[in-house]
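First comes the structure, then the notes that go with it.
Here, each number is a calculation from the coordinates, and none is a lab measurement. Remember, predicted model here, so these are calculated numbers, not experimental data. For neighbour counting, all protein chains shown are included, and Cβ atoms are generated from backbone atoms with ideal geometry for every residue, glycine included.
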Amino acid sequence: MSTESSSSNSKIQPVRFFHRGKIVDVSGVHPTRSVLDWLREDARCTGTKEGCNEGDCGACTVVIGELASDADAPGAVGGLNLQTVNACIQFLPTLHGKALFTVEDLKGQCASHGKAGDKKHAVHTLHPVQQAMVDCHGSQCGFCTPGFVMSLWSSYEHHQAEGTQPTRQQLADELSGNLCRCTGYRPILDAGQRMFDLPSVRLDTQPVVAALTALQNGGHDLNYAAPLGARMDHFHAPRTLAQLAALREQKPRAQLLAGSTDVGLWVNKQFRDLGDIIYVGDVAEMKTIETRQNADGGELYIGAGASLESAFAALVARVPSLSDVWLRFASPPIRHAGTMGGNVANGSPIGDSPPVLMSLDTQIELRRGDVVRRMPLPDFYIDYMKNQLQPGEFVQGLAIPLAAMRRQVRAYKISKRFDCDISALCAGFAIELEEGSDTVKAVRLAFGGMAATVKRAANAEAALVGKPWTQASVSTAKLALAQDFKPLSDMRASADYRLQVAQNLIQRLWLETRNEDALSIEETSVWSVMPHAPKTAAEGV
């Protein structure tokens, strides 16, 4: 099929992306075919492995490149934004207009940088990332190795572009989405440090940028389709917010798709038939993150299509105490692909974004056609996996009052594993005291994992407002919490454990924010005893 004949989104088009040094056209595969399956079965690039097939183990890690809106922006590598993602849960049409890099590409980079007669380059026929893994014995069974290599390569390119080197703990954070059962991670971290000592080999971004620019200039809204039996399933990828709103109104039963970090599992694990799909990832307006002025003192506006990584970076820039929950939210590949709007719209009772956002008085913005409405985030959830969305309506953005971010804010994630684990419970707290006193002026106590939906603890909050911020008041609030929640027992935690931990977190909030002898972050955060340099606002925004 010729792409030149596809001048409007009413015509079926192939998926076009940059892979292995050229533009690839793909037609005929179903819209829910994963990038991983296409790589291994169609492109015969079998270096990328399938492990869990749900975005947890990192064996399938690849790097996606997109044109940087600002080539000199922090994090841009030679005009590209490079991000690790899990190939197993990404649908192939989401690659349209992008570049796909896999472990096979690293050999080509090394060959292109070799020089005749240059012994230094001749010795290192592997890419520095791969050579470091060999030198440091970072691979045993080898199954997880390609995923680790791609995460390390992404780190390598970003730090080389910035002229920096990561600390060992920063490397551990960047590898938190890659699991290995053999090495114990120590030699892999050694390799992450060693790779910067080897002769530099960099990605030649010029041909990639040129190819993606050509795709963008000749591009249009993607309307891809492929048969499923006698039916044609469409994958629509509008480019403007107005087009998205119109399409959603026309197709209210189509499946909305953002980062595919949840929807991808519906296909891989539950074998769901999604039918038509509307992809929001190409709508730049949906990725907006900006400060807006209004009569109430301004707000931080986060478009529903903004990645979890970008959204949390913007929050942490204004509320540094949220750094821990940012670093512990899933893994970098999940945060790069997933969106905060999707995490909120999903409605999971154990989602980690909603408790934080509820503590900050966030308003959710919904749109149907040209009609936009807002409501407090707690009002959005009706019951387990049920919300206020009407047919043809979608989540457009999240609005966080700047005034709420001036309160003392804390977020706590409780899980069995420290990194990359689902929460047993997650709490978002904010408290404001009357000026010059210890009387509680306002308090927000929001919990995930304690009920059928994420919700605020109304009785516990009422026990604190207007009362002195003392141990006695905290004890009363902890008792009231038992009236707010009747948690369930499951594989992650028992009901009694959840209630006790939730009560203990209110106690911790008081210890950290009381007027006298408040515990410092160094006394309460695990990072204070680790050789860790958390991401700064400048690195994340």
Three-way shape call for segment 288-529 based on the alpha-carbon gyration tensor, with the a/c threshold at 1.5: rounded
Share antiparallel - DSSP beta bridges, the chain, percent rounded to 5: 90 percent
Vicinal HN-Hα couplings computed from phi for segment 243-249 (Karplus, 6.51 cos²θ - 1.76 cosθ + 1.60; Hz; Gly/Pro x): 5, 4, 4, 5, 5, 5, 5
Residues with amide H under 5 Å from that of Gly51, placed H, sequence gap 5 or more: Ala59, Cys60
Under 5 Å, built H, 5+ apart or other chain: amide partners of Val77: Leu82
Convex hull projection area averaged over all views, segment 1-228, Cα basis, nm²: 13.3 nm²
Loop-located trypsin sites (Lys or Arg not before Pro) in segment 373-439, at most 15 other Cβ atoms within 10 Å (DSSP): Lys416, Arg417
For segment 397-448 and segment 214-271, distance of Cα centres in Å: 35 Å
Using alpha-carbon coordinates, inclination of helix 206-217 to the longest axis of the chain, degrees: 70 degrees
The chain: calculated mean residue ellipticity at 222 nm from DSSP helix runs of at least 4, using -39500 (n - 2.57): -9000 deg cm²/dmol
Pairwise centroid distance, computed over Cα atoms, of segment 332-356 with segment 66-109, Å: 22 Å
Degrees, to the nearest 10: 104-113 long Cα axis against longest axis of the chain: 60 degrees
Ordering of 392-404, 510-522 by packing [mean C-beta count within 10 Å, highest first]: 392-404, 510-522
Interchain or long-range residues, amide H under 5 Å from Phe329's placed H: none
Overall form of segment 359-439 per C-alpha gyration tensor (a/c, 1.5; a/b vs b/c): oblate
Karplus (6.51, -1.76, 1.60) ³J(HN,Hα), θ = phi - 60°, over segment 166-173, in Hz, Gly and Pro reported as x: x, 6, 4, 5, 4, 4, 4, 5
